[in-house]
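Here is the structure we will look at.
Read the figures in this text as sums done on the coordinates, not as results from a lab. Fair warning: this is a prediction, and the values are worked out from it, not measured in the lab. Cβ coordinates were reconstructed from backbone atoms using ideal geometry, including for glycine residues, and neighbour counts include every protein chain displayed.
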Amino acid sequence: MKKFCVNCGVEESESTPIIKGLCPRCYIEIKGLVTRPRSVEIGYCRICGGVRVHGKWIYVQSLEELKDVIEDFFIELLKPSEEFTLEDIDVTFTPYEDSPAAINILGKLEEVKISHTVMVMVSWRASLCPLCKKIVGGSHSAVIQLRYVNADREIEDFVNSIAKEFEKWIKEVKPVKNGYDIQLLDASLTKRIVEAAKRKWRAVKVVESHGDVKRTSSGQRVSRLYVSIRILNFKAGDYIIISGIPYTVESFDGTWLVLRDGSGNISKVHFADLSRNLSKYRIGKR
């Protein structure tokens, strides 16, 4: 016996199954595919354009990245009905302007492919993200103290790549003797910069410390993170002193340092031992 839609009377067929007594069209009209809010509020930074969703700030570099963030935001909000499998959505919206967002829902109603659009009002609320607050306030929470043995193109390229990748989070890159001080607005990024240095050079010594302790208006003690990254990029001909003994570098492969003392004796030192026992070094050619 054929089934019929109790609402419109259409007869069941292969392309029109009857679901809970309704055809797909009537099911969508009466029951709906998803439960959704009528309106949502999204915070955004009026300086950098970052967005705050689900209590977390996300920084975007383009409208395409913003669209991805908004679609992920709505996927978490939409609750599919029991008979509907949500596969994907496509959201059309006006960035940073209060307006309805058109959410095109793609999926299956039982075995029937469905594409259906629902509307949700989006209210955008402007504020300052934590990073831009620090920029406006002139504050930074961490300092990368990047030091090297030899200034070369690799060092220059590394600093330029860091400055480009973390541009929004860097307050200042300050050249100093044998290195750079990189002031960061977000202390958590120090780990990524350390890992980048370790990938580029095997011989890297890292030391963390805290300083500039102060109290906030609420009485909480806060401090600034200092991360020393010492790149031991020795080259043949460098003159160094280890435990009071002068040596000339014969070669360095990133792991083993081959040294010659004043008597012409050759020795090898692992960079890990070198970083612990190096009291001072002077760069130059004999």
Self-check item: Reach of LYS20 by Cα under 21 Å, taken over lysines that are not fewer than 8 positions away in the same chain
Solution: LYS2, LYS3, LYS31, LYS79, LYS108, LYS113
Quiz item: Along the charge dipole of the chain, which of SER15, ILE193, SER263 sits closest to the positive end, that is, farthest toward it, with unit charges on the beta carbon of Lys, Arg, Asp and Glu (+1, +1, -1, -1)?
Solution: SER263
Quiz item: When the dipole is taken about the Cα centre of region 239-282, and only Lys, Arg (+1) and Asp, Glu (-1) are charged at their Cβ, what size is it in debye, to the nearest 20?
Solution: 160 debye
Quiz prompt | Candidates ILE229, ILE241, ILE103: whichever shows maximal mean-square fluctuation once the chain is modelled as a Gaussian network with Cα springs under 10 Å | solution = ILE241
Quiz item: Once region 139-231 is represented by equal point scatterers at the alpha-carbon sites, with solvent omitted, what log10 I(q)/I(0) does the Debye formula produce at q = 0.11, 0.13, 0.23 Å⁻¹?
Solution: -0.31, -0.43, -1.21
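From the Cα trace of region 239-282, what convex hull volume per residue do you get, rounded to a whole Å³?
Cα-based convex hull of region 239-282, divided per residue, equals 62 Å³.
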Exercise. Among VAL122, CYS132, VAL227, flag the residue with its Cα farthest along the positive direction of the charge dipole of the chain, charges on Cβ as +1 for Lys/Arg and -1 for Asp/Glu.
Key: VAL227
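Compute the Rg/Rh shape ratio of region 24-127: radius of gyration over Kirkwood radius, all on alpha-carbon atoms.
Numbers: Rg = 14.7 Å, Rh = 14.5 Å.
With Rg and the Kirkwood Rh in hand, the quotient comes to 1.01.
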Exercise. Enumerate the amide H contacts of GLY49 below 5 Å, restricted to partners 5 or more residues apart or on another chain; note that Pro and chain-start residues carry no placed amide H.
Key: none
Practice problem: Please turn the phi angles of region 103-114 into ³J(HN,Hα) values with the Karplus equation 6.51 cos²θ - 1.76 cosθ + 1.60 (θ = phi - 60°), one per residue in order, whole Hz, x for glycine and proline. | Solution: 10, 8, 9, 10, x, 10, 9, 6, 9, 9, 5, 10
Quiz item: In the chain, what percentage of the DSSP-assigned beta bridges are antiparallel, given to the nearest 5?
Solution: 80 percent
Practice problem: With viscosity set to 1.567 mPa s and temperature to 4 °C, compute the Stokes-Einstein D of the chain, Rh being the Kirkwood radius across alpha carbon pairs; µm²/s, no decimals. | Solution: 53 µm²/s
